[in-house]
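Since the structure comes first, as structure tokens, the remarks are kept for the end.
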Amino acid sequence: MADSPPIRGASPAEVGMEEEDYLPLSPIEAERYGWDGCPRGDNLSYARFQAVGVMTMVSIWRTIRFQYGAVYALWPDLPSDLPFYRGEGDVRLLRDVERILKEPPPEVTDGVCTDLRFHPGPLPLMGEDDVGYYTRNSLSEWRIREAVNLMVAAELREYHQVPPRARAGLYPAVPSWWPSVEVPRGMPCRLPPFVVLRGSLLLASPRGAHVNAMLATSWLAEVADVFLSSVLKHGHLWLLSEALVTHLGALDSATLFKEGDCEELNLFEEALCLLGRIRDRVPAERLLDQGGRRGLVLVDKAVCQVTGRLVAVGGGQQHVEPPYLSTPTPR
């Protein structure tokens, strides 16, 4: 890796980096395998792969490497939990993590921080991308959190090969405050990139407040993006918990939404209000069951021009099953 020729890639302006902070990345050749560019002592990815055996480690590493296309060797002063960088975006996020760790401790509410200053990396585009629904990766992450209380991103392909007794020390546990901000099963909300690149900080860190703030703010931003895009692209309104709705409402909308996105901001706020109206009209026992088909209702994709409010199918009195769930499976 050390003798790989450096490449320039995207310009600093394109990835939001200052000229003095930009360094060229060294590409890892497709046919090359090795750990020369990774600090073995404190690299969590190396420890994870060692737990599955050398031959399995080589096979998984190559699988992950081809999953991303071009990958780049790590810098000694900018650690990552992956054995490589996937591009300048990873570098920017990791630099933000180092910067946030030097900030004064954040203020938190019930263990959740709503200050977007502690969000590592760029904010989501808020509804611009169609994230789909019931995606395989988000569902697999949700199942692992529910089953073993660990935060494992779908990119960490080696997880299922690691012996169960060794997983607790290699993957961060779900924080105590997480259940209050968990999303319904099937909601296509992935764990934020921070967990993939620096989840090791969640294992044991003297700066617990900073790490929890980065996790909480990045998770809230991901949920807000998926929540809005589900309404815009599919007319799906996910039934979030009251605590999660409260924290989403406390986010700084001027920072979360770009200038000129007033329509999206109004729709986002109206969707949160609609959740409150639905919660008042739907039996509590149905709202408590957030799994499977009861995790969403269908809504109109635009605010009603007459009432100025978002309209739910059936007036919010019942959950309407999407056709792709109600269609019987052929035998």
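The values are calculated or read from the model by the stated rules, or taken from the named source; none is laboratory data. Keep in mind the model is a prediction, meaning the values are calculated, not measured. Every residue, glycine among them, receives a Cβ derived from its backbone with ideal geometry; neighbour counts consider all protein chains shown. Side chains included, ligands, DNA and RNA excluded: accessible areas come from the protein's heavy atoms. Shrake-Rupley method; radii C 1.70, N 1.55, O 1.52, S 1.80 Å.
Can you find a residue in segment 102-117 that is open to solvent by less than 10 Å² (accessible area, probe 1.4 Å), within 12 Å of residue 193 (Cα to Cα), touching a Leu at 6+ places or on another chain (Cβ under 8 Å) and touching a residue at least 60 places away in the same chain (Cβ under 8 Å)? Quick ask: steps written out before the conclusion?
To start, the set of residues in segment 102-117 that are open to solvent by less than 10 Å² (accessible area, probe 1.4 Å) comprises 112-113.
Cutting the leftovers down to within 12 Å of residue 193 (Cα to Cα) gives us none.
So far as segment 102-117 goes, no, none of its residues is open to solvent by less than 10 Å² (accessible area, probe 1.4 Å), within 12 Å of residue 193 (Cα to Cα), touching a Leu at 6+ places or on another chain (Cβ under 8 Å) and touching a residue at least 60 places away in the same chain (Cβ under 8 Å).
Checking the condition open to solvent by 30 Å² or more (accessible area, probe 1.4 Å), farther than 29 Å from residue 269 by Cβ, out of contact with any His (no Cβ under 7 Å at 6 or more places or on another chain) and touching a residue at least 24 places away in the same chain (Cβ under 8 Å), which residue from 204, 154, 173 passes?
Just one listed residue meets the conditions, 173.
I need the full set of residues from segment 58-86 which are open to solvent by 30 Å² or more (accessible area, probe 1.4 Å), free of Cβ contacts under 8 Å to residues at least 40 places away in the same chain and aromatic (Phe, Trp, Tyr), in order please.
Hits for segment 58-86 are 66, 68.
Mind listing just one residue for me: the one in segment 96-117 that is outside any loop (DSSP other than H, G, I, E, B) and in contact with a Pro (Cβ under 9 Å, 6 or more places away or on another chain) and, of those, farthest from residue 45 (Cα to Cα)?
117
When segment 174-195 is examined, which residues are found to be of a type in the set (Gly, Ala, Ser) and more than 21 Å from residue 109 (Cβ to Cβ)?
186
Of all residues in segment 101-142, which are over 24 Å from residue 262 (Cα atoms) and small (Gly, Ala, Ser)?
111, 138, 140
Collect the residues in segment 253-281 that are open to solvent by 70 Å² or more (accessible area, probe 1.4 Å) and within 24 Å of residue 178 (Cα to Cα), keeping them in residue-number order.
269, 273 - these are the residues of segment 253-281 that are open to solvent by 70 Å² or more (accessible area, probe 1.4 Å) and within 24 Å of residue 178 (Cα to Cα).
Across segment 218-235, which residue is modelled with the lowest pLDDT among those that are buried (at least 23 other Cβ atoms within 10 Å of the Cβ) and farther than 21 Å from residue 180 by Cβ?
231
In contact (Cβ under 8 Å) with a residue 24 or more places away in the chain and assigned to a loop (DSSP other than H, G, I, E, B), is that true of residue 89?
On the way: in contact (Cβ under 8 Å) with a residue 24 or more places away in the chain: yes; assigned to a loop (DSSP other than H, G, I, E, B): no.
For residue 89, the condition - in contact (Cβ under 8 Å) with a residue 24 or more places away in the chain and assigned to a loop (DSSP other than H, G, I, E, B) - is not met.
Which residues, taken from segment 73-86, are more than 20 Å from residue 154 (Cα to Cα) and not in a loop (DSSP other than H, G, I, E, B)?
75, 78
Give the residue, chosen from 153, 168, 204, that is at pLDDT below 90 and within 20 Å of residue 80 (Cβ to Cβ).
Numbers: 153 fails: at pLDDT below 90; 168 fails: within 20 Å of residue 80 (Cβ to Cβ).
Answer to the selection: 204.
Go through segment 176-196 and count every residue that is closer than 25 Å to residue 235 by Cβ, open to solvent by less than 10 Å² (accessible area, probe 1.4 Å) and in a loop (DSSP other than H, G, I, E, B). Break it down stepwise before answering.
Step one: of segment 176-196, the residues closer than 25 Å to residue 235 by Cβ are 181-190.
After this cut, where a residue has to be open to solvent by less than 10 Å² (accessible area, probe 1.4 Å) as well, the list is 181, 183-184, 186-189.
Narrowing further to those that are in a loop (DSSP other than H, G, I, E, B): 183-184, 186-189.
The total comes to 6.
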